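Student: Input: one structure, supplied below.
Every number here is computed from the coordinates shown, using simple stated rules; none is lab data. Because the structure is a prediction, the values reported are computed rather than measured. Cβ atoms come from the backbone with ideal geometry, glycine included; neighbour counts cover every protein chain shown.
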Amino acid sequence: MKKFAAKILKFCIPALLFILISFTYYHISKTKVEAKLTAFSAHAVLLMGDSQIQRLHGDSISQGAKNLASSGEHYYFTYQKLNALIQDKNHRIDTLILGVSVHNFAPVYNRLFNLNFAEGKKSLKRYLYFIPLFDDAGFITTFDKVLKPLISGIYAAPDFGGFYESTNSNPNEEIINKAFNMHFSIKQEEAKFSHSQRDYLYKIDRLCSENNIDLILVSTPYHFDYKEKIDRKYFDFFSKSLKKLKHRRHLNFIEDPIAPRFMSDANHLNKLGAQKYSRIIGKELKAEKRDILHR
């Protein structure tokens, strides 16, 4: 009996120590994340969304604007980030520039919000420190599927996002097809459209309204060949989704006949394209502010 008890202890003690160390590490890291979010909340203008918005120059749009966009970021995580940022009572956020586009409602975003997929597990690892672990969002539904990504997330660097620049240009057919297939292919019978994206887009809108934050929607250009491949049903879903946000300013450049030399790939601006459209967006917003002041 003593030998059996000794074996149990020999197995349990290392496991308990690992849990204790991980729990301690999580709380120390969480404190650091909160401190960093407090610093970011001092910016009046934030850019958030996925990698399309990552390409934009914050200072060209508004002096001191902070880019917190992140590649493949589901609006659930954007919502949680924004909610964490405004918890600071002294936050200065008054404007949120949010990326929204047709591909944001594609099947890939169902995978990014589902722990049955590698994309969902990666999301948990990237955004663990921004989300409540016990939430009714439908993301963490059971802990038997999340143990490994949960542990990985504890020891991984949190994905705050940020500005990203590319010097690629004139993407070829292979690059465009790769992006299209990644966004619109269905791997395991996931839904064709991402309704969870739409739900959290509306929650972001409500959160902004409740906190007097001006929400501005931005759709950056697509490469012509990529745009032509997309089923018109996705454009319809995109348009219907934004009908509920008619009270928000929407700077829509999807239909712009942009030259391939301004594109990094199928749906991202390169350095030159980002400079061009950052200036355009900045001018649009400044003109709008002047109009408001003269009313």
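Student: In the chain, what percentage of the DSSP-assigned beta bridges are antiparallel, given to the nearest 5?
Tutor: Counting DSSP beta bridges with both partners in the chain, the antiparallel share is about 5 percent.
Student: Can I ask one more? Order 169-179, 152-162 from most to least packed using the mean count of other Cβ atoms within 10 Å.
Tutor: 152-162, 169-179
Student: Follow-up. So what is the relative contact order for segment 25-132, in percent, with contacts set as C-alpha pairs under 8 Å and at least six apart?
Tutor: That works out to 29 percent.
Student: Let me ask you something else. Give the shape of segment 53-123 as rounded, prolate or oblate, defined through the alpha-carbon gyration tensor: a ≥ b ≥ c are the square roots of its eigenvalues, a/c under 1.5 means rounded, and otherwise the shape is prolate if a/b is larger than b/c and oblate if not.
Tutor: oblate
Student: Placing +1 on the Cβ of each Lys and Arg and -1 on the Cβ of each Asp and Glu in the chain, which of 245, 64, 131 has its Cα farthest towards the positive end of the resulting dipole?
Tutor: The Cα lying farthest towards the positive end belongs to 131.
Student: Once you keep just the Cα pairs under 8 angstrom separated by 6 or more residues, what percentage relative contact order results for the chain?
Tutor: 24
Student: Oh, and also: Which value, in debye to the nearest 20, gives the size of the charge dipole of segment 56-192 about its Cα centre, when Lys and Arg are +1 and Asp and Glu are -1 at the Cβ?
Tutor: 280
Student: Output the pairs from 66/276; 233/283; 30/89; 122/240; 30/66 with a Cα-Cα distance over 27 Å in this structure; if there are none, say none.
Tutor: Result: 233/283; 122/240 exceed 27 Å.
Student: Follow-up. Using modelled backbone amide H atoms (1.01 Å from N, in-plane), which distant-in-sequence or interchain residues come within less than 5 Å of residue 214's amide H?
Tutor: 95, 96
Student: Please find, in a Gaussian network model of the chain (springs between Cα atoms separated by less than 10 Å), the residue of 99, 273, 282 whose mean-square fluctuation is greatest.
Tutor: Looking only at 99, 273, 282, the biggest GNM fluctuation is shown by 282.
Student: Ranked highest first by the average count of other Cβ atoms within 10 Å around their residues, in what order do 45-58, 235-248, 254-267 fall?
Tutor: 45-58, 254-267, 235-248
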